[in-house]
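To start, the structure itself, in structure tokens.
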Amino acid sequence: MSNFLGGLNTFAIGVIMVFVALMLLIALIELVSKLVTKLEQKNAPAPTPAPAVAQPTAIEPVEEAMVDDLELVAVIVATIAASLGTTTDKLQVRSLRRVERHR
């Protein structure tokens, strides 16, 4: 029984020392982080005001959405071709629709 209590005592001391060491490490990291932030703010140049830029109109071009869709189709076709072990010229996309997934 004495060996068990001695082992339990050694275990408790080891766990406590590791916990204290980790807490000191966390405190040291926080301190260094705050010091680095203060030094970066001190050495940062003053921000210059950006010139006024005209805001875009509310009308969005339709071609931009079409380009994004074409890129998406190209990526999907390339992925399917790679998984099938073929080239993209042997695949044909007839339709594309979004499937909503509920989790």
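Every read-out reported here was derived from the displayed coordinates using simple, explicitly stated rules and does not represent laboratory data. These numbers come from a predicted model, not from an experiment. Cβ: placed from backbone, ideal geometry, glycine included. Neighbour counts: every protein chain shown.
Can you order the peptides 13-22, 91-100 by their average number of other Cβ atoms within 10 Å per residue, highest first?
By packing density, highest mean first, the sequence is 13-22, 91-100.
Pull out the extension gain between residue 18 and residue 96, defined as 0.36 nm times the separation in residues minus the alpha carbon to alpha carbon distance; nm, one decimal.
Net length gain for the segment: 22.4 nm.
Using label points projected 7 Å from each Cα along Cα→Cβ, tell me how many nm separate residue 36 and residue 3, to one decimal.
For residue 36 paired with residue 3, the spin-label model returns 4.9 nm.
Once the convex hull of the alpha carbons of the stretch 1-47 is built, what does its volume come to per residue, in cubic angstrom?
34 Å³
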